[in-house]
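Input: a single structure, listed below in structure tokens.
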Amino acid sequence: MDFPAVQVSQSPEEKFREYLASQPRAQRYTNQQRDMVVYIFSRHNHFDADQLVESLKNENIPASRATVYRTLKKLVRAGLLRELDVGPRKFYEHDYGYPQHEHMYCQQCHTMIEFQDPAIEEAIRDVCGQHHFQAASHTFIIRGLCADCNRAKVTKRRLDLV
């Protein structure tokens, strides 16, 4: 599902550069990091670190596996990416410039489905209000089987009965 972009005051590159400069020990913004940020924010998809390493390699963008892992951690801490923990794999997605939304994760085909639901947002606000809790963010992931995998499972079950 495509959601409208959220208006932001800085590009992802500018925000990341600002984050690196604001650290207790200022870190430099390398060409590899810049190329990664440009690549990641030029498309919206869910990806894991290994997929990113492979995609960068296919695009002839030089970045070592160690640089990719380190930079992903920094991008999460900078508020540019969100980490989605779905078991043995961690997926990443845009957080900066993208509206709050939730996920359904198919445990069979590994499809990630995004959705928004005002009732969920209202429930979170209500619960936080009841507990005088100031929420900074949240991640809501429903794990199960997507429609295609569920349909295949039902078809297989019917064939087993024959």
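Read the figures in this text as sums done on the coordinates, not as results from a lab. Owing to the predicted nature of the structure, the values given are computational and were not obtained by experimental measurement. Positions of Cβ are backbone-derived with ideal geometry, glycine not excepted, and every protein chain shown enters the neighbour counts.
Rounded, prolate or oblate, given the Cα gyration tensor of region 1-87, with a/c below 1.5 counting as rounded? Note, shape of region 1-87 comes out rounded. Between 0 and 90 degrees, the angle of helix 118-130 with respect to the longest Cα principal axis of the chain falls at about 70 degrees. When Cα extents along the principal axes in Å is computed from the coordinates, the matching label among (1) 66, 41, 34; (2) 65, 48, 27; (3) 59, 38, 25 is (2). Measuring r between the beta carbons of R28 and R143 and using R0 = 41 Å, the FRET efficiency lands at 0.55.
Report the antiparallel proportion of the DSSP beta bridges in the chain as a percent, rounded to a multiple of 5. Before the final figure, lay out the partial values.
Values: 10 of 14 bridges.
DSSP beta bridges in the chain are roughly 70 percent antiparallel.
Note down the magnitude of the dipole of the chain about its Cα centre, charges +1 on Lys and Arg C-beta and -1 on Asp and Glu C-beta and zero elsewhere, to the nearest 20 debye. Before the final figure, lay out each step's value.
On the way: 22 positive and 21 negative charges, 138 e Å.
Using only the charged Cβ atoms, the result is roughly 660 debye.
Name the residues of region 29-72 whose amide N is less than 15 Å from a point 7 angstrom out from the Cα of E13 along the C-beta direction? Only 29-43 fall inside the zone, counting backbone N under 15 Å. Estimated purely from DSSP H runs of n ≥ 4, each contributing -39500 (n - 2.57), the mean residue ellipticity at 222 nm for the chain is -14000 deg cm²/dmol once divided by its residues.
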